[in-house]
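The values are calculated or read from the model by the stated rules, or taken from the named source; none is laboratory data. Every value quoted in this text rests on a predicted model; they were computed, and no experiment measured them. Please note: Cβ atoms are built from the backbone with ideal geometry, for glycine as well, and neighbour counts cover all protein chains shown. Ligands, DNA and RNA are excluded from the accessible area calculation, which covers all protein heavy atoms including side chains. Shrake-Rupley method; radii C 1.70, N 1.55, O 1.52, S 1.80 Å.
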Amino acid sequence: MAIASVCLTLLLYSANSIVLGVLGRTGIFAFAVCMNLLQIYNLFLAGVCRTIQSLGAIQVGKGDNEAFRLVLRKSFSFITAAMILICIIVWVDPNVISCLFGANDPAILAESNHALRIFSLSFIPFCYIYVIMIVYKLYAHHRMALFISFALSLTVIPVLWLVSKFVPSLLWYSYLIAYIIEIAAILVLHHVMHAKFELTPSPKNTNTR
């Protein structure tokens, strides 16, 4: 998680430079509003991550597959419902969020509303990938977790740069494209590394049974 946070900081610095160079002040304002939208997602994401790390870690220590899977099902159900709710609110009336951060110029409102709708979808795979990173770590798939912690942010930078150079009109879609690429890479690596989501029962529990 620490590595993911450091990489996210690098991403924000790079994205600020690229967006400012391509879309100017209007674009950088819209991007800032979208990053504040991410903080709303993070309210729910942080809670889910703490739940998995605390309650989930207890079940991992016990080697209890069923209990751990129950924690994961509840966590994913909660984060899914929260993300759907946020997306609906953003798509129905993005003006509310744009105006909340001081957007009043028609051009800025139009750009911010367009960006917000796209980013509200882009943050969905981001949240899932982030949670899956923790799940891999708890299942002791350390290489997969490490790969995701770097890829989560660093994949976006080259995609942003390429889109800004060749299709600048689709710049706001860069995050969504990058996260789709990451999901594909995770699925491929999961298959190649033969990773399994199974816990090994602790010796204490095995003897008890």
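Some observations on this one:
- Computed over protein heavy atoms with a 1.4 Å probe, the accessible surface of the chain works out to 53 Å² per residue.
- A Förster radius of 45 Å combined with the Cβ-Cβ distance from residue 194 to residue 17 puts the calculated FRET efficiency at roughly 0.65.
- Using alpha-carbon coordinates, inclination of helix 142-154 to the longest axis of the chain, degrees: 0 degrees
- Using alpha-carbon coordinates, inclination of helix 2-51 to the longest axis of the chain, degrees: 20 degrees
- For the chain, with +1 on Lys and Arg beta carbons and -1 on Asp and Glu, the positive-most of 113, 192, 35 along the dipole: 192
- Relative contact order, percent, the chain [alpha-carbon distance under 8 Å, six or more residues apart]: 30 percent
- The Stokes-Einstein estimate for segment 25-97, based on a Kirkwood radius over Cα pairs and taken at 10 °C with 1.306 mPa s viscosity, is a diffusion coefficient of 112 µm²/s.
- D_trans [Stokes-Einstein, Kirkwood Rh over alpha-carbon pairs] for segment 153-195, 25 °C, 0.890 mPa s, µm² s⁻¹: 222 µm²/s
- Rounded percent of accessible protein surface that carbon and sulfur make up, the chain, 1.4 Å probe: 70 percent
- Among 61, 172, 101 the positive-end extreme of the charge dipole of the chain (Cβ point charges): 61
- Computed E for residue 142/residue 54 - FRET, C-beta separation, R0 22 angstrom, nearest 0.05: 0.65
- Relative packing of peptides 87-100, 130-143 - highest average C-beta neighbours within 10 Å first: 130-143, 87-100
- Between helix 156-166 and the chain: long-axis angle, C-alpha atoms, 0 to 90°, nearest 10: 30 degrees
- On a per residue basis, the convex hull of the C-alpha atoms belonging to segment 69-133 measures out at 78 Å³.
- Taking the Cα centre of the chain as reference, the dipole from Cβ charges on Lys and Arg (+1) and Asp and Glu (-1) amounts to some 700 debye.
- Using the alpha carbons alone, the radius of gyration of the chain stands to its Kirkwood radius in an Rg to Rh ratio of 1.04.
- Residue of 37, 121, 20 that the Gaussian network model of the chain assigns the largest fluctuation, springs spanning Cα pairs under 10 Å: 20
- Residue 121-residue 69 FRET efficiency (beta carbon distance; Förster radius 25 Å; 0.05 resolution): 0.35
- Separation of alpha-carbon centers, segment 1-35 and segment 82-144, rounded to whole Å: 14 Å
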